[in-house]
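Report on the structure given below.
The values are calculated or read from the model by the stated rules, or taken from the named source; none is laboratory data. Note that the structure is a prediction, hence the values are computed from the model and not measured. Cβ atoms come from the backbone with ideal geometry, glycine included; neighbour counts cover every protein chain shown. Heads up: the accessible areas ignore ligands, DNA and RNA and are worked out on the full protein's heavy atoms, side chains in. Shrake-Rupley method; radii C 1.70, N 1.55, O 1.52, S 1.80 Å.
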Amino acid sequence: MAVVALLGDINIDLVLDIPAYPGEGGEAIATGQTVAIGGSATNTAIALARAGHECRLIGRVGQDAWGRQALSELQKAGVSTRWIGQDPAEPTQLNMVAVSATGERTMFAYRGANAQLSADMIDEAALTGAALLHLSGYAFLQPRQAGAALRAIDIAEQRGIPITLDVPGGVVAALAEALRPLLSKLDTILLADGDLPQLLGRPRDETLESLVADLLEQGVKRVAIKGHGTDSLLRQANTGDSAPWFPVEVVDTVGAGDAFAAGHIHGRITGLRGVYCCRLANAFGAVAVTRKGAGQAMPSLDEVLNLMTGAR
Ligand SMILES: OC[C@H]1O[C@H](O)[C@H](O)[C@@H]1O
């Protein structure tokens, strides 16, 4: 198995179950709650570690109980915490996540220690021997953390390490300006089709094919379009692959995109063809949505393979 370096948020998610999203100014009574580890890059790291890869997570937590819980859960999942700093001034990021009965989520975040990761904190050793560097788009929301992500990208580029970037749902408007100059550096970008126009600053009615073609012209080598109830796609310069979504019962979509990214990365670093990367990504995502929470909902490889082969 391979070494994967990942950079992004390390959070504690407080997930509240609500019957339906009440709309602005409305009120909802929670019917249940879960407190567990989350953060987009963190979730992907947990899924890849469960698939047997050596995952080195680069990030920052607070010197507090949430930070200690996060480090302990990461270690239990087999993720290396050697490159995670403990910030003396800022708390670990706490995310309030409201999940409705249909599994859709709304998040409220205080970024805390994550946003304190800076370029000078990036230790080149974290990328030594890495088959891939994976970044979460959330890392580009705050200038200091974005500087750290850019430093990691520079190191990866110098060493010829492929870079993957996940664009989380709901934040593309805030990220587009920061992400556009990076496109030519990416091996793979993973995003939802609905986020493409905003990422590229193009009209909403433009076809998916022309938007993907634009991304490829800008130098991204592979564009992975997340399916959720629909086919997922993988486009490269001369080829395109797709795979159908798995019809599972959706309990909670938090972390689904992170699991999807893990499936693609697992396929990529184990040398699988594009169509199998798509299938794996769908299966990782599908298992994740059948369970509550993010980090703890990340699937094992056995669960993924059972879903793909129809085993019970
Ligand atoms: O992608 C899901 C993650 O995004 C947010 O950062 C939450 O922490 C959650 O775990």
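Between Glu177 and Trp245, 0.36 nm times their residue separation minus their Cα-Cα distance comes to what?
21.4 nm
Quick check for me: using +1 on Lys/Arg Cβ and -1 on Asp/Glu Cβ, what's the dipole size of the stretch 1-155 about its Cα centre, in debye to the nearest 20?
Result for the stretch 1-155 is approximately 320 debye, rounded to the nearest 20.
Work out the charge dipole of the chain with +1 on the Cβ of Lys and Arg and -1 on the Cβ of Asp and Glu about the Cα centre, then indicate which of Ala139, Met308, Leu272 is farthest towards its positive end.
Ranked along the dipole, the leading option is Leu272.
Would you mind getting me the FRET efficiency between Phe108 and Glu27? Use the beta-carbon distance for r and R0 = 22 Å, nearest 0.05.
The pair Phe108/Glu27 has a calculated efficiency of 0.90.
Counting only protein chains, not ligands or nucleic acids, how are Val15, Val275 ordered by accessible area (probe 1.4 Å), most first?
Solvent-accessible surface, decreasing: Val275, Val15.
Would you please state which residues of the stretch 70-98 a label at Ser118 would reach in this model, taking the label point 7 Å out along Cα→Cβ and a backbone N cut-off of under 14 Å?
87-90
At a 1.4 Å probe radius, which order do Arg202, Arg144, Arg235 fall into by accessible area, largest first?
Arg144, Arg202, Arg235
At a Förster radius of 41 Å, what calculated FRET efficiency corresponds to the Cβ-Cβ distance of Asp154 and Ala20, to the nearest 0.05?
Efficiency for this residue pair is about 0.35.
Run the numbers for Ala125 and Glu217: contour at 0.36 nm per residue of separation, minus the present Cα-Cα distance, in nm.
Length gained, Ala125 through Glu217: 29.9 nm.
Output the relative contact order of the stretch 166-225, whole-number percent, from Cα pairs under 8 angstrom with separation of 6+ residues.
Relative contact order comes out at 42 percent.
Within the chain, what is the number of lysine pairs with alpha carbons under 22 Å apart, leaving out pairs fewer than eight places apart on the same chain?
4
Heavy-atom accessible area per residue, the chain, 1.4 Å probe: how many Å²?
Normalised by residue count, the accessible surface of the chain is 41 Å².
Could you give the nm distance between label points at Lys76 and Arg204, where each point is 7 Å from its Cα heading toward the beta carbon?
Label at Lys76, label at Arg204, 4.3 nm between them.
So what are the three principal axis dimensions of the stretch 143-258 from its Cα atoms, in whole Å, longest to shortest?
41, 33, 28
With the contact rule set at Cα under 8 Å and sequence spacing of 6 or more, what percent relative contact order holds for the chain?
Relative contact order for the chain comes out at 17 percent.
Which whole-number percent is the relative contact order of the stretch 1-153 (Cα, under 8 Å, 6+ apart)?
Once divided by the residue count of the stretch 1-153, the mean separation gives 30 percent.
Given the DSSP H assignment, sum -39500 (n - 2.57) over each helix run of at least 4 residues in the chain and divide by its residue total; what's the result at 222 nm in deg cm²/dmol, nearest 500?
Calculated from helices alone, the mean residue ellipticity at 222 nm is -10000 deg cm²/dmol.
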